[in-house]
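Quick notes on the structure that follows.
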């Protein structure tokens, strides 16, 4: 039985929710659309966080804890002007995963993160979506640099960060088991010294980190 909080509130409340969602920028690529997170996307999110696929981000989680993380996905747009997108197949509309430009407690820099469903593996979809979010951050937000926090055991996520052009920038005193990859705008003015990342690594129980990406 679906819990009440996982169901929409009918009537005017549904229209209010749609109006807020309409303010989230939509990004389109050759195969994908990055759009606002919807209530019906939660089942896909839970399929990642409540299973072994969430092992690099503190999972598996209970469905209740996964809901708390899911509810936070959209909060960044209201509070910071950047946040999470659901990634859908342009042709079918099927949910494929999530990408975000987020901030959580302990962060000093904006983080590029990505989480994808098992069915999205092996087709380069995670790279395509993350590259679109990265370029939006550079070109629309005007960011010169930001980071991705990754479990050192998550080889696929590290490989994805490298495909995006990020380079490792892990401080010497960074907690063992985590690495930092830095994204820098091409031809930008930012000068980044190795090991210059700031702030503590993300709370391992908060699933927006790139640690959650296990596929491409």
Residue span residue 23 to residue 2: 0.36 nm per residue of separation minus Cα-Cα distance leaves a gain in nm of 4.8 nm
How big, on average over all directions, is the shadow cast by the Cα convex hull of the chain, in nm²? 12.0
In Å, what Kirkwood hydrodynamic radius results for segment 22-68 from the alpha-carbon pair distances? 12.1
The chain: antiparallel DSSP beta bridges as a percent of all, rounded to 5: 95
With just the Cα atoms of segment 1-103, tell me how far they stretch along each of the three principal axes, in Å, largest first. 35, 32, 30
Whole-Å distance linking the alpha carbon centroid of segment 10-42 with that of segment 137-152 is 23
Each label point is 7 Å from the Cα along the Cα-to-Cβ direction; what then is the distance between the points at residue 167 and residue 15, in nm? 5.4
MRE, 222 nm, helices only [DSSP H, n ≥ 4, -39500 (n - 2.57), over the chain, to nearest 500]: -7500 deg cm²/dmol
Listed residues 176, 185, 153; largest mean-square fluctuation, Gaussian network over the chain with Cα springs below 10 Å, found at 176
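Bear in mind that the values in this text are calculations on the coordinates, not laboratory data. In this text, all values refer to a predicted model and were calculated from it rather than measured experimentally. Glycine also receives a Cβ, built like all others from the backbone with ideal geometry; neighbour counts cover every protein chain displayed.
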